[in-house]
Every structure is written in structure tokens, then in C-alpha cells.
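*Asks:* This structure is in C-alpha cells; I'll ask about it shortly.
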Amino acid sequence: MLKIRVFGIHLCLTAVVLGCSTVVRAHSLGGSFFVEVASKWLEGTSLTFDFGSAPQYSSCVASHPSDIRVAFAPAAGSWSYVGTDSLRYDLDKASLNIGYASVPPPGSPNRTELEGTILHEVGHALGFDHEHQSPEAHCDQEFDWPKIYDRYGALSGWSKDKIDFNFKALVASERLWTTPYDRQSIMHYYFEPWMFKKGAASSCFIGHNEMLSATDTGLIQAAYSGAIADQNKVLQDRADTASEKLADLNLNSNQLSKIGVEIGKTLAAQNRELTLQFNLAPDQRGGPTPEISRCDTKGAVPEPK
Ligand SMILES: [Zn+2]
């Protein structure tokens, strides 16, 4: 796999802190199965989930929105916001949905499939995009696009835009943390052979991935390291990236100061004592106010049924 979206300028700073905090609060509307499966992402990381106590777990409270808000609405399909987009939209509503009405019995293939779905959606919530959309995967050139738009569109009910959003390669940039293409990643869709020009011989044709791959596990541990020194390095690396982006925007000192206040608030909210070095040269000329919150706002990632 994989890539972790390094978020847009404002949110990336939130993401940085969230990523290295010790607790991600996630209210669950039910399901010890969800809690058990989702927790597989946590091994060797600095993250913990705070679901409350079994068997009820915590309910979502609109007045105190949780970072990740889990719902189980069968009709809504399975989907999740990516990373800190969960903190950005509809704080009084779910940020991740599992479209299953019940947990299939042990030994059932459907249970394994549900497990894979939960891992995939939680992967999105923790910041992972789709592996088949990695610039490293080159699946764009493998897909039989006319057939996909036509037949897959009819089967799934997805529009061309929705298909593009979930299938087309993401643009390589310093905002994406990528690994070599990982065909075992839980973030890779299974596609039927007819969706590829080369059928089952395509490099992007894979089996059904239902477990975390070694690369999935390695990247989550790198992104949310348990070692403080490593966490600080990740934070500083992302601050460096943000610095470059902010420098491109040519902000004036007043605008930079406002951003500094926001960063300080975020660090304080996460009880994080860390000084990040931002290498910025404020432009004293003033001028038009640039857009400083250029986050990807494509919305939630739905999954095919
Ligand atoms: Zn997905």
C-alpha cells in the first residue's frame, strides 16, 4: 500500500496532532465485533480507541462530537471520511458507516468479508486512501474505462464522477505518503476481471483482501509511531511540508500569526508539548487574502455494494 493523505494546510496540522495523540475517541452505535476488528489497526502504534465500555459502548453525542462517529445503517452502504475530514463535516452525524445489519456467524465467509470491510473503512478513518488509486499502482492504464462506466455504473448505481473518485489515480505529491504498490493491502478493491483490458492477467487484478497486509501494518506504525522521537520526526516532516505550501501562498504576517494561533490551540487541545519549526518568510506587502484552507474536500469515500 499505501499512502496516507497529508491533509490540506489547516487540517494537516490537526492531523499531525491527532495522529500522534494517544487517544482517538470513537463512539460506536453498537457492536463489540466492530471494536474487536477495528483494534487490529492499533498494534504497535500510539493510537487507542475510546469506545466506552462493553456491551453498550458510548453513544454519539452531538454536543460533544467524537473524532470518529461510527454507525451501522445497512441501507447506507459502507463508507468513511478520510482522516481528519471526519472532523470537518457533519459533526452531529456518522463519519463512518458499516452497511451490515448483523454480524454473520463464525466460520461464515460473510463474516470474513465484514471483517475486511471494517478494516478498510477504519483504514480510511485513520487517513488511508485506496491502494488501487496510488500513483504507484498504475491501475488507470489497466482499467477498461468504457466498460466500467457503462456496466459497473449500471451495477453499482454510481455516476461517472463517483467512479472516477474511487478508481482514478491520485496525483503524486509530497502530500501523499506512498509505498511501493501493495497488492495485498486492505485498501485495495477487488475488481472483476472484465473490468481490466487484460482481464485476470492485469497487474491490478487481485484476490479478496480481508486482512491487513504487512505494508498496511508497517505504514500505520510509521504514521502513528509509539516512539516519541519518531512521532516528533513525523510531525516536523509534515510541518516542513506545510511550510513549503504556506510559503507558496505568500501570506502576510497577520495571516501567518492567525495560523500560528490555530496551531497552538490544536497542540494545546491534544496536550502536546512540542515546538514545530516553520520556515516562513512573511510577505509584508499585503495584498489579496489567499485561500489558506486548501484541503481536499471531496467528501466521504463510499464503497461498492
Ligand atoms: Zn474505500
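The values are calculated or read from the model by the stated rules, or taken from the named source; none is laboratory data. Since the structure is predicted, the reported quantities are computational estimates derived from the model, not experimental observations. Cβ placement follows ideal geometry from the backbone for every residue including glycine, while neighbour counts extend to all protein chains displayed.
Table: residues versus (1) modelled with pLDDT under 70; (2) surrounded by 12 or more Cβ atoms within 10 Å (Cβ to Cβ); (3) outside any helix (DSSP H, G or I).
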residue	(1), (2), (3)
L235	no, yes, no
A239	no, yes, no
S243	no, yes, no
Q255	no, yes, no
L274	yes, yes, yes
R285	yes, no, yes
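*Asks:* Follow-up question, since we're still on this one. Could you please let me know if L114 is within 15 Å of the chain's Cα centre (by Cα), within 16 Å of the ligand (Cβ to nearest atom), under 21 Å from M187 (Cβ atoms) and not in a loop (DSSP other than H, G, I, E, B)?
*Replies:* So L114 fails the test.
*Asks:* Tally up the residues in segment 88-111 that are surrounded by fewer than 18 Cβ atoms within 10 Å (Cβ to Cβ), without any contact (Cβ under 8 Å) to a residue 60 or more places away in the chain and within 18 Å of the chain's Cα centre (by Cα), please.
*Replies:* Residues flagged as surrounded by fewer than 18 Cβ atoms within 10 Å (Cβ to Cβ), without any contact (Cβ under 8 Å) to a residue 60 or more places away in the chain and within 18 Å of the chain's Cα centre (by Cα) within segment 88-111 amount to 3.
*Asks:* Tally up the residues in segment 152-165 that are closer than 25 Å to E210 by Cβ and surrounded by fewer than 18 Cβ atoms within 10 Å (Cβ to Cβ), please.
*Replies:* The qualifying residues number 5.
*Asks:* For segment 60-69, indicate whether the set of residues that are away from the ligand (no atom under 16 Å from the Cβ), more than 22 Å from the chain's Cα centre (by Cα), at pLDDT 90 or above and over 14 Å from F34 (Cα atoms) is non-empty.
*Replies:* Within segment 60-69, none of the residues are away from the ligand (no atom under 16 Å from the Cβ), more than 22 Å from the chain's Cα centre (by Cα), at pLDDT 90 or above and over 14 Å from F34 (Cα atoms).
*Asks:* When residues of segment 169-198 are filtered for being free of Cβ contacts under 8 Å to residues at least 40 places away in the same chain and surrounded by 20 or more Cβ atoms within 10 Å (Cβ to Cβ), how many remain?
*Replies:* Residues in segment 169-198 being free of Cβ contacts under 8 Å to residues at least 40 places away in the same chain and surrounded by 20 or more Cβ atoms within 10 Å (Cβ to Cβ): 0 in total.
*Asks:* Continuing with the same structure: Take segment 167-199 and flag every residue that is in contact with a strand residue (DSSP E or B) (Cβ under 8 Å, 6 or more places away or on another chain), under 21 Å from E43 (Cα atoms) and assigned to a loop (DSSP other than H, G, I, E, B).
*Replies:* Hits for segment 167-199 are T179, M187.
*Asks:* So which of H138, H120, H124 is within 15 Å of the ligand (Cβ to nearest atom) and at pLDDT 95 or above?
*Replies:* H120 is the lone residue from the list that is within 15 Å of the ligand (Cβ to nearest atom) and at pLDDT 95 or above.
*Asks:* For segment 200-233, name all the residues that are touching a Cys at 6+ places or on another chain (Cβ under 6 Å) and either hydroxyl-bearing (S, T, Y) or part of a loop (DSSP other than H, G, I, E, B) (or both).
*Replies:* C204
*Asks:* Output the number of the condition that D216 fails; it satisfies all remaining conditions of (1) of a type in the set (D, E); (2) at pLDDT 75 or above; (3) over 25 Å from the mean Cα position of the chain (by Cα).
*Replies:* Of everything listed in (1) of a type in the set (D, E); (2) at pLDDT 75 or above; (3) over 25 Å from the mean Cα position of the chain (by Cα), D216 misses just condition (3).
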